[in-house]
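Let me begin by presenting the structure, written as structure tokens, before commenting on it.
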Amino acid sequence: MDVIKTQQISARPIEKVIVHPLVLLSIVDNYNRVARDTRKRVIGVLLGSSSKGAVDVSNSYAVPFEEDERDPSIWFVDHNYHESMFSMFKRINAKEHVVGWYSTGPKLRENDLNVHALFNDYVPNPVLVIIDVQPKELGIPTKAYYAVEEVKENATQKSQKVFVHVPSEIAAHEVEEIGVEHLLRDVKDTTISTLATEVTSKLAALKGLDARLREIRGYLDLVIDRKLPLNHEILYHLQDVFNLLPNLNVNELVKAFAVKTNDMMLVIYLSSLIRSVIALHNLISNKMLNKEHEKAEDAKPVAVPSSAGS
């Protein structure tokens, strides 16, 4: 079997992709209106800016899209609709330009490279952001990619485009943070105590850590079995993670962690206990106040209407 070597024609221009909450809300709304409870996906155009290797996605809009489930090579994107929409968006904010496109995947598909090539006509190096609108795992529901040319050592084989993963993160401006806080305030269940919320958050974080560790272990097992090629960049990152881990064999460090955790849990427990006592006190005071008002109303003399004389 020929050894295949991958290299990029140009230097890596994109280092990370930043997605704003407004974009996520717009994509979820588009999915719920068009493809909810179906196996279809929706795509759209990402607007924003790029600077110093970072792509900032601040806005988006949906684009009509159809594809044949049986034959992935048959698909349709209404680029005329995209061009008319972009001209209107440009009148509102001229600083935003096309930076790529999105898909609700939830994974890469066979025709994504062909769709990606269509957006090369509007931006030199577009990004593809896959949004998982129904995430089953904990973590950020975004995965970003951009296309590079893969050159193979075997000269008889043609070069081809492949997707390269790029880190993505969620960021917001101050105005967006206020809006997200208001939305979370409506979604948050106020009947749940702070202690239960903290425990739930800790449990969710531990589940996310367990999922990531299992993913790392699965990748290393595949590398050992030679089912995946060795990627030195990933191994360097893993080595950095292991180097940053604290040495839990030191008794003083273990004791310090335990004391710190116990102190934090004690404060949370006492806060919840005090909150419950205050709520009970207010309930009893309200009952007593209502009884006093009832007694005062009963003690008032009842005015008897005088009868008219004959």
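The values are calculated or read from the model by the stated rules, or taken from the named source; none is laboratory data. Bear in mind the structure is a predicted one, so any value in this text is a computation, not a measurement. With ideal geometry, Cβ positions are generated from the backbone for all residues, glycine too; neighbour counts draw on all protein chains shown. These area figures cover heavy atoms from the full protein model, side chains too; ligands, DNA and RNA do not enter into them. Shrake-Rupley method; radii C 1.70, N 1.55, O 1.52, S 1.80 Å.
For the stretch 16-99, run through the GluC sites (Glu not before Pro) and keep only the ones in DSSP coil with at most 11 other Cβ atoms within 10 Å of their Cβ. Please list the in-between numbers first.
Values: sites: Glu66, Glu67, Glu69, Glu83, Glu96; in loops: Glu69, Glu96.
Qualifying residues, ordered by number: Glu69.
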Inset, instruction - Put one equal scatterer on each alpha carbon of the stretch 260-302, apply the Debye formula with no solvent term, and list log10 I(q)/I(0) at q = 0.30 1/Å to two decimals. - result: -0.92
Inset, instruction - Amide H neighbours of Ala35 under 5 Å, at least 5 residues apart or on other chains, H built in the peptide plane: list them. - result: none
Inset, instruction - Using amide H atoms built 1.01 Å from N in the peptide plane, name the residues 5+ places from Leu46, or on other chains, whose amide H lies under 5 Å from its own. - result: Val99, Gly100, Trp101, Tyr102
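Only loop residues by DSSP count here, and only those with at most 13 other Cβ atoms within 10 Å; note down the trypsin sites (Lys or Arg not before Pro) in the stretch 73-159 that meet that.
Working: sites: Lys90, Arg91, Lys95, Lys107, Arg109, Lys136, Lys143, Lys152, Lys158; in loops: Lys95, Lys107, Arg109, Lys136, Lys152, Lys158.
Hits after loop and neighbour filter: Lys95, Lys107, Lys136, Lys158.
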Legend entry - Dipole axis of the chain (+1 Lys, Arg; -1 Asp, Glu on Cβ), positive-most option in Pro21, Val162, Ala196: Ala196
Inset, instruction - Note down the magnitude of the dipole of the stretch 104-170 about its Cα centre, charges +1 on Lys and Arg C-beta and -1 on Asp and Glu C-beta and zero elsewhere, to the nearest 20 debye. - result: 120 debye
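As a test of understanding, state the convex hull volume per residue of the chain from its alpha carbons, in Å³.
Numbers: hull volume 87.9 nm³, N = 310.
So the per-residue Cα hull volume is 284 Å³.
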Inset, instruction - Quote the charge dipole size of the stretch 33-143 about the Cα centre in Debye, to the nearest 20; the model charges only the Cβ of Lys and Arg (+1) and of Asp and Glu (-1). - result: 400 debye
Inset, instruction - Compute the long axis of helix 79-92 from its Cα atoms, compare it with the longest principal axis of the Cα atoms of the chain, and write down the angle in degrees, 0 to 90, nearest 10. - result: 60 degrees
Legend entry - Between helix 194-224 and the chain: long-axis angle, C-alpha atoms, 0 to 90°, nearest 10: 20 degrees
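Only Lys, Arg, Asp and Glu count, each charged at its Cβ (+1, +1, -1, -1), so figure out the dipole size of the chain about its Cα centre, rounded to 20 debye. Spell out each step's value before the answer.
Working: 36 positive and 41 negative charges, 100 e Å.
Approximately 480 debye in magnitude.
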Legend entry - Per residue value of the accessible surface for the stretch 1-142 (all protein chains in place, 1.4 Å probe), Å²: 60 Å²
Inset, instruction - Find the Rg to Rh ratio for the stretch 96-183, where Rh is the Kirkwood radius over alpha-carbon pairs and Rg uses the same atoms. - result: 1.08
Inset, instruction - Go ahead and estimate [θ] at 222 nm for the chain from helices alone: -39,500 (n - 2.57) per DSSP H run with n ≥ 4, summed, over the residue count, rounded to 500. - result: -16000 deg cm²/dmol
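Determine the share of the chain's accessible area contributed by carbon and sulfur atoms, expressed in whole percent, with a 1.4 angstrom probe. Write down the numbers at each step before the final one.
Values: 13370 of 22900 Å².
Its accessible area is 58 percent carbon and sulfur atoms.
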Inset, instruction - Heads up, I need the accessible area for His232: 1.4 angstrom probe, whole protein in place, Å², nearest 10. - result: 100 Å²
Legend entry - C-alpha long axis of helix 21-34 to longest principal axis of the chain, angle in °: 90 degrees
